[in-house]
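Single-structure report; data block below.
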Amino acid sequence: MATLLQFFIACVWATTIIVHTRRLMRLACVTQRDRWEKAKMRAGLGRIWWWLGQDRFWDGLRRDVLHSIEITLMIFLIALGQG
């Protein structure tokens, strides 16, 4: 049971990371093709770095991280109550 709960918590956090990494790539307009051309890759990395400094990106991330923390605490409390 404990392994299943740990797996569920890991999935919640992995989903948060994946969703916001994809969101960052969309905001920075980075595509799969950009990785093959060095000039476009540098420009894409510059745009990613710029978006990491913007509050617009972090506001959405903060909300989802707080939601993930809430789910983690709820799972912990449920597991504590069952143990």
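The values are calculated or read from the model by the stated rules, or taken from the named source; none is laboratory data. All values derive from a computational prediction rather than experimental measurement. Note that we place each Cβ from the backbone using ideal geometry, even for glycine, and neighbour counts take in every protein chain shown.
Checked against (1) in contact with a Gly (Cβ under 7 Å, 6 or more places away or on another chain); (2) among the β-branched types (Val, Ile, Thr); (3) within 30 Å of LEU80 (Cα to Cα), VAL30 passes all but a single condition, namely (3). Residues of segment 68-83 that are surrounded by 12 or more Cβ atoms within 10 Å (Cβ to Cβ) and either charged (D, E, K, R) or more than 12 Å from the chain's Cα centre (by Cα) (or both): ILE69, ILE71, THR72, ILE75, PHE76, ALA79. Looking at segment 41-55, is at least one residue surrounded by 11 or more Cβ atoms within 10 Å (Cβ to Cβ), in a helix (DSSP H, G or I), of a type in the set (D, E, K, R) and modelled with pLDDT of 85 or more? Taking every residue of segment 41-55 in turn, at least one turns out to be surrounded by 11 or more Cβ atoms within 10 Å (Cβ to Cβ), in a helix (DSSP H, G or I), of a type in the set (D, E, K, R) and modelled with pLDDT of 85 or more. Evaluated against (1) in a helix (DSSP H, G or I); (2) modelled with pLDDT of 85 or more; (3) surrounded by 11 or more Cβ atoms within 10 Å (Cβ to Cβ), CYS29 falls short on exactly one condition, (1). Just one of the listed residues (ALA2, ALA14) is in contact with a helix residue (DSSP H, G or I) (Cβ under 9 Å, 6 or more places away or on another chain) and either of a type in the set (A, V, I, L, M) or free of Cβ contacts under 8 Å to residues at least 24 places away in the same chain (or both), and it is ALA2.
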